[in-house]
Amino acid sequence: MDVVRTSKRLSFVLRHRPDSVGLVLDPAGWVDVDQLLAALRLTREQLERVVATNDKRRFEIAGDRIRAVQGHSVAVELGYAPERPPAQLFHGTVERFLPAILAEGLRPQRRHAVHLSPDVATARTVGARRGRPVVLRVDAVRLADDGAVFSRSANGVWLVDAVPPSYLTVLDD
C-alpha cells in the first residue's frame with residue numbers, strides 16, 4: 001500500500017467527495033470506519049497506519065468513526081469552540097497568488113475557513129507545495145479584537161472565516 005496515495009484518497013473522500021465512494025458524512029463530518037474500509041477496500045491496519053503516519057494529522061478516529069479534522073468543501077459543522085488566537089499567525093501561499101491576496105485578503109475559496117499556521121516553518125511548508133513559497137503574517141489579535149471568530153482544529157490549524165488585507169504582512173525571506 002502506498003501510504004501517501006492512500007492518504008490523499010482518504011482526504012478527497014472525507015473532505016470533498018464522500019459520495020464518490022457511496023458514503024455520507026454525518027453533520028459533524030464523521031463516517032463509520034467499517035463503511036469507509038469497505039468503500040476504499042482497506043484493512044483497519046492500513047487505515048490506522050495512514051492516520052498515524054500523516055504528518056499533518058489530517059484525520060481523527062473516535063471509536064468506530066473517522067473524519068477529516070479540517071479542510072472540507074462539503075457542508076459540515078466540526079464543532080470547534082471559538083478560541084482567542086495568539087498575537088500572530090501565518091499563512092503559506094505561492095507568489096502567483098500574492099497580488100490577489102494583497103488586494104482581497106485571504107478567503108476560504110472552496111473550503112469552509114481560511115487555514116492559518118501557528119509558526120513560519122509550517123506556513124512555508126504549506127506554501128511550498130505548489131511553487132515558490134511566500135509567508136504572510138496575520139495580525140490575529142487585532143483581527144479578533146475587530147470581531148473575527150477563530151477556532152483551532154484537532155491538529156492545531158487555526159481557522160477563521162476570512163482575513164482582510166489590512167491584517168496581512170508579507171514576511172521577507
How many residues of region 27-42 are free of Cβ contacts under 8 Å to residues at least 24 places away in the same chain and surrounded by 11 or more Cβ atoms within 10 Å (Cβ to Cβ)? The answer is 3
Please go through region 9-55 and give me each residue that is farther than 23 Å from Ser153 by Cβ and among the aliphatic types (A, V, I, L, M), ordered by number.
Val21, Leu37, Ala38, Ala39, Leu42
Which of the residues spanning region 1-19 are modelled with pLDDT of 95 or more and either more than 19 Å from Gln70 (Cα to Cα) or acidic (Asp, Glu) (or both)?
Asp19
Among (1) in contact with a Gly (Cβ under 6 Å, 6 or more places away or on another chain); (2) surrounded by fewer than 16 Cβ atoms within 10 Å (Cβ to Cβ); (3) of a type in the set (A, V, I, L, M, F, W, C), Phe12 falls short only on (1)
Tell me, yes or no, whether region 88-99 has at least one residue that is outside the structural domain of Ser7 (by TED's automatic domain parsing), among the acidic types (Asp, Glu) and touching a residue at least 60 places away in the same chain (Cβ under 8 Å).
no
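Kindly check whether there is at least one residue in region 73-86 that is under 21 Å from Arg9 (Cα atoms), under 15 Å from the mean Cα position of the chain (by Cα) and of a type in the set (D, E, K, R). Write out each step before concluding.
Keep residues of region 73-86 that are under 21 Å from Arg9 (Cα atoms), which gives 73-76, 78.
Pick out the ones that are also under 15 Å from the mean Cα position of the chain (by Cα) and you get 73-76, 78.
Next, from what is left, pick out any that are of a type in the set (D, E, K, R): none.
No, the conditions are met nowhere in region 73-86.
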Region 55-173: strands (runs of 3 or more DSSP E) wholly inside it with 3 or more residues that are among the aliphatic types (A, V, I, L, M) are 133-139
For region 99-122, enumerate the residues that are modelled with pLDDT under 95 and at positive phi.
Gln109
Close pairs (6 angstrom Cβ cut-off, 6 or more residues apart or separate chains): without any contact (Cβ under 8 Å) to a residue 40 or more places away in the chain in region 3-15, surrounded by fewer than 20 Cβ atoms within 10 Å (Cβ to Cβ) anywhere:
Val13/Val21
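Can you tell me which residue is surrounded by the fewest Cβ atoms within 10 Å (Cβ to Cβ) among those in region 43-62 that are polar (S, T, N, Q) and within 19 Å of the chain's Cα centre (by Cα)?
The qualifying residue surrounded by the fewest Cβ atoms within 10 Å (Cβ to Cβ) is Thr53.
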Odd one out for Arg65, checked against (1) crowded, with 19+ Cβ neighbours inside 10 Å; (2) more than 18 Å from the chain's Cα centre (by Cα); (3) closer than 18 Å to Leu14 by Cα
(1)
Give all pairs with beta carbons closer than 8 Å in which a residue from region 159-173 that is without any contact (Cβ under 8 Å) to a residue 40 or more places away in the chain meets a residue that is assigned to a strand (DSSP E or B); count only pairs at least 6 apart in sequence or on separate chains.
Thr169/Leu136; Thr169/Arg137; Thr169/Asp139
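The values are calculated or read from the model by the stated rules, or taken from the named source; none is laboratory data. The model shown is predicted, which means the values in this text are computed figures rather than measured ones. Using ideal geometry, Cβ is built from the backbone for each residue, glycine included, and neighbour counts are taken over all protein chains shown.
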